[in-house]
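Q: This structure is in structure tokens; I'll ask about it shortly.
The values are calculated or read from the model by the stated rules, or taken from the named source; none is laboratory data. Remember, it's a predicted structure, so these values are computed and weren't measured experimentally. Positions of Cβ are generated from backbone atoms using ideal geometry, with glycine treated the same way; all protein chains shown enter the neighbour counts.
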């Protein structure tokens, strides 16, 4: 990748088989897409691949390895080390396995899902990012996706809230 320009990464998780067509608009122009597990259906990945290259990991809904996707992935984008795993937090706390994953992989950015709660938090010099859930609405939690921009020496992420129900057509 050309390090002279910032790159944009679309981040999605917990689709549970639902592909909301509005994602196409929000991810237009991204350089890469990360799906942080609980994919639900292969067609979700196929639709994301029509937008940009995709790195995906499996989640508990995918029955992990049975899905054909790895349980974790490490990628480099624009010189930034990114670790992806579905479960890092549970009940609002970093899990023992999540901490071990962070200690082992030592990423600049850790992308995860599972909690359905958006997170964009710095832990020291490491960005912990959960886009929230892009799948069917659960409880009072918002539906959402995320975007991360990786530039020369600067990384930032933000969330995009989706409507409570997916529209079945492009606006």
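Q: Name the single residue that is farthest from the chain's Cα centre (by Cα) among those in the stretch 75-93 being part of a strand (DSSP E or B) and surrounded by fewer than 16 Cβ atoms within 10 Å (Cβ to Cβ).
A: Of all residues in the stretch 75-93, those part of a strand (DSSP E or B) come to 75-77, 80-85, 89-90, 93.
Adding the requirement that they be surrounded by fewer than 16 Cβ atoms within 10 Å (Cβ to Cβ) leaves 76, 81, 90, 93.
Values: 76: 15, 81: 15, 90: 16, 93: 18 Å.
Taking the candidates together, the pick is 93.
Q: Do the conditions hold for residue 101, that is, is it over 17 Å from residue 148 (Cα atoms), surrounded by 15 or more Cβ atoms within 10 Å (Cβ to Cβ) and at pLDDT 95 or above? Spell out the reasoning first.
A: Details: over 17 Å from residue 148 (Cα atoms): yes; surrounded by 15 or more Cβ atoms within 10 Å (Cβ to Cβ): yes; at pLDDT 95 or above: yes.
So residue 101 fits the description; yes.
Q: Continuing with this model, one more query. I'd like the full set of residues that are surrounded by fewer than 18 Cβ atoms within 10 Å (Cβ to Cβ) and either part of a helix (DSSP H, G or I) or in contact (Cβ under 8 Å) with a residue 60 or more places away in the chain (or both), limited to the stretch 49-74.
A: Passing the criteria: 49, 60, 64, 65, 66.
Q: Which one is modelled with the lowest pLDDT among residues in the stretch 4-13 that are more than 11 Å from residue 44 (Cα to Cα) and in contact with a strand residue (DSSP E or B) (Cβ under 9 Å, 6 or more places away or on another chain)?
A: Here is the first cut: in the stretch 4-13, the ones more than 11 Å from residue 44 (Cα to Cα) are 4-11.
Going one step further and asking which of them are in contact with a strand residue (DSSP E or B) (Cβ under 9 Å, 6 or more places away or on another chain), we end up with 5-11.
Values: 5: 87, 6: 93, 7: 96, 8: 97, 9: 98, 10: 98, 11: 98.
Selected residue: 5.
Q: Which residue, of 142, 118, is modelled with pLDDT of 95 or more and touching a strand residue (DSSP E or B) at 6+ places or on another chain (Cβ under 6 Å)?
A: Values: 142 fails: modelled with pLDDT of 95 or more.
After ruling out the rest, the residue left standing is 118.
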